[in-house]
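Everything on this sheet refers to the single structure shown next.
No value in this document is a laboratory result; all are computed from the given coordinates. Since we're looking at a predicted model, the values are computed, not measured. Here Cβ is always computed from backbone atoms with ideal geometry, including for glycine, and neighbour counts include all displayed protein chains.
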Amino acid sequence: MMSQRSEFNNKDVTVYRAEWILPVSSGPVRDGAVAVSGGMISAAGPAREVINSFPGARLVEFHHAIIMPGFVNCHSHFEYSVFRGFLDNLNFGRWLLEFIDFKSRLSADDYVISSRLGASECVSAGITTVAESMYSGKSVYAIKEAGLRAIAFQEALGMDDSRLGETMAALDASLDELNEQQDPLLEIGVFPHATYTVSAAMYKAVADMARRRQKKFATHLAESKAESAYIRSGSGVLAMDLREKVGWENLMREPFGVTPVKYLQQWDVYGPDFLAVHCVQVNGPDIEVLAKNGVAIAHCPKSNAKLGCGIAPLPAFLESGIRVGLGTDSPASSNVMDMFGEMRTAIFLHRGSQRDAAVLDAAECVQIATLGGARALGMEDRIGSLESGKQADLIAVDMEHSHFTPIYDPYSALVYGASQEDVFFVMVGGRPLYEKKVLLTMDEEKVSADARAVKEKLWG
Ligand SMILES: [Zn+2]
């Protein structure tokens, strides 16, 4: 009778078992299991203990695999997925100028199609949460279709203060519209684009709006030397060519004589709800400012390297106690949204540039890509680790291939050997989105075919 009652009680519990469980908030467990019920994690630990705690639960055996928390991608632009591999060899400033032309060629429908490509890629790569920066606002539909958890940030641009009222009213209206996309997995934020596209007055106004509407707030900050030159001395490609291109050439431009981080500090935008994306061109005092104000950083090592921007000082951020997550940035700048690739790029860049193999380790990289990202986004109470009471956002990585053989340390296998292709199961909030390498929420073939058609239509 007892066992029958237990079976009845646990019929809504599913236990996933694998050779390795990486809870991230605690050490790896060999022959581990995770119990999921009602969209939440009920237990994670040694398989025997978990299975015995939930008699009658459905058991799913993943065998020679690693179960870990889904990746938290702290910076993406799904809308630009159709630009993958298009402008591969330009420095940041020139890249941006060219990019503006291509962006204007996409229709609203094209942006939806492009966003679907990004969302489907993220799910199949084991990314379960994204901090998505939206130019058109269309990626919110793709995020919902895919079943991802997200903070969808509405971007805003504006240098002409005579039109500030208009620009802010438009942003307010966009936020109202986005708020109608109610979804328990979705949070809306605001994203003034960057120091060279948003005026000081607008930064202040957006910061006020974010506080008033209780929205998280993010910006691209200190990404390139071009941005530093623009802020410090009012010179360079962003001061001249960009302004001319977008019709801002007659606006006042003054050299501010400081770094981008110090420049923004003047406008009272920093705080724990503020996410600074990139932070490559920063010095010691800048890092102190960011740390003192509790600012979080999205580190995008691959994008920064590919666009010739440089290497953000991740070890110094971590030493200062700054919350840091990893971001793939858009496929237009980093080509693939693969957090394994980001972890690997990060550890190689930082060790290589510092000529020191003691810089970072594989476990730290996995932590930054999961729980670290959750902390950076202020979501660590819900996601980022496999712990009882957290949302069931988890993935399974197949260890059958030769590049995983043998395994001494699962963290090492993931960081130095794995890629997005090795993910075969993805769950968000207890809902499987990807199973046996098949996307359950979207028609992957149609998503790719539609994206190819956009490319053909616009560029042949
Ligand atoms: Zn970006």
Which angle from 0 to 90°, rounded to the nearest 10, does the C-alpha axis of helix 108-124 make with the longest principal axis of the chain?
40
May I ask you to list the residues of the stretch 82-125 whose amide nitrogen lies under 15 Å from a point 7 Å from Cα along the Cα→beta-carbon direction of His193?
93-106
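Rounded to the nearest 5, what % of the DSSP beta bridges within the chain are antiparallel ones?
Values: 29 of 67 bridges.
Around 45 percent of the beta bridges assigned by DSSP in the chain are antiparallel ones.
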List the trypsin sites (Lys or Arg not before Pro) within the stretch 32-106 that fall in a DSSP loop (any state other than H, G, I, E or B) and whose Cβ has at most 16 other Cβ atoms within 10 Å.
Arg105
What is the pair-distance distribution P(r) of the chain, computed from all Cα-Cα distances in 20 Å bins starting at 0, with each bin given as a whole percent?
25, 56, 17, 1, 0
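Just need the relative contact order of the stretch 1-158 here, percent rounded to a whole number, with Cα pairs under 8 Å and 6+ apart.
Working: 270 pairs, mean separation 31.7, N = 158.
Relative contact order here is 20 percent.
Longest segment of the chain with no GluC sites (Glu not before Pro) in a DSSP loop having at most 13 other Cβ atoms within 10 Å? Each step should come with its number before you reach the end.
Numbers: sites that count: Glu180, Glu249, Glu400.
Maximal segment without exposed cleavage sites: 1-179.
Compute the FRET efficiency between Glu445 and His401 as 1/(1 + (r/R0)^6), taking r as their Cβ-Cβ distance and R0 = 22 Å, and round to the nearest 0.05.
Working: r = 24 Å, r/R0 = 1.11.
That pair, Glu445 with His401, gives E of 0.35.
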Once the Cα gyration tensor of the stretch 311-377 is diagonalised, what are the square roots of 5 times its eigenvalues, in whole Å and ordered largest first, as equivalent ellipsoid semi-axes?
18, 15, 11
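State which entries of Lys144/Lys215; Lys144/Lys446; Lys138/Lys437; Lys144/Lys245; Lys216/Lys437; Lys302/Lys446 exceed 23 angstrom in Cα-Cα distance in the structure shown. All intermediate terms of the calculation are to be shown ahead of the outcome.
Details: Lys144/Lys215 19 Å; Lys144/Lys446 17 Å; Lys138/Lys437 26 Å; Lys144/Lys245 35 Å; Lys216/Lys437 33 Å; Lys302/Lys446 28 Å.
From Lys144/Lys215; Lys144/Lys446; Lys138/Lys437; Lys144/Lys245; Lys216/Lys437; Lys302/Lys446, over 23 Å: Lys138/Lys437; Lys144/Lys245; Lys216/Lys437; Lys302/Lys446.
Counting other Cβ atoms within 10 Å, keep those with at most 11, restrict to DSSP loop, and tell me which chymotrypsin sites (Phe, Trp or Tyr not before Pro) in the stretch 7-69 are left. List each step's numbers first, then the result.
On the way: sites: Phe8, Tyr16, Trp20, Phe62; in loops: Phe62.
Sites meeting the loop and neighbour criteria: none at all.
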The chain - mean residue ellipticity at 222 nm from DSSP helices (-39,500 (n - 2.57) per run, n ≥ 4, rounded to 500)
-10500 deg cm²/dmol
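If you stretched the chain out fully between Ser233 and Arg213, how much longer would it get, using 0.36 nm times the residue separation minus the C-alpha to C-alpha distance?
On the way: separation 20, 0.36 × 20 = 7.20 nm, distance 3.47 nm.
Value of the extension gain: 3.7 nm.
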So if each residue of separation counts as 0.36 nm, and I subtract the Cα-Cα distance between Asp241 and Glu49, what length gain in nm does that give?
62.8 nm
Given the candidates Leu318, Gly341, Trp267, the one whose Cα lies deepest towards the positive end of the charge dipole of the stretch 224-357, counting +1 at each Lys or Arg C-beta and -1 at each Asp or Glu C-beta, is Gly341
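Rounded to the nearest 20 Debye, what is the dipole magnitude of the stretch 67-223 about its Cα centre when Lys and Arg each give +1 and Asp and Glu each give -1 at the C-beta?
Details: 15 positive and 21 negative charges, 72 e Å.
Charge dipole of the stretch 67-223: 340 debye, to the nearest 20.
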Label Ser388 and Val438 with points 7 Å out from Cα along Cα→Cβ: what is the distance between them in nm?
3.5
Given Cα pairs under 8 Å that are at least 6 residues apart, what percent is the relative contact order of the stretch 71-376?
21
Mean Cβ count within 10 Å, highest first, over the residues of peptides 300-310, 263-273, 68-78
68-78, 300-310, 263-273
Taking square-rooted eigenvalues a ≥ b ≥ c of the alpha carbon gyration tensor, is the stretch 84-225 rounded, prolate or oblate, where a/c under 1.5 means rounded and, failing that, a/b exceeding b/c means prolate?
oblate
Starting from the Cα of Gln354, step 7 Å along the direction of its Cβ; do the same at Ala200; then give the gap between the two resulting points in nm.
3.5
Taking the Cα-to-Cβ direction at Leu164 and at Leu90 and moving 7 Å from each Cα, how far apart do the two end points lie in nm?
3.1
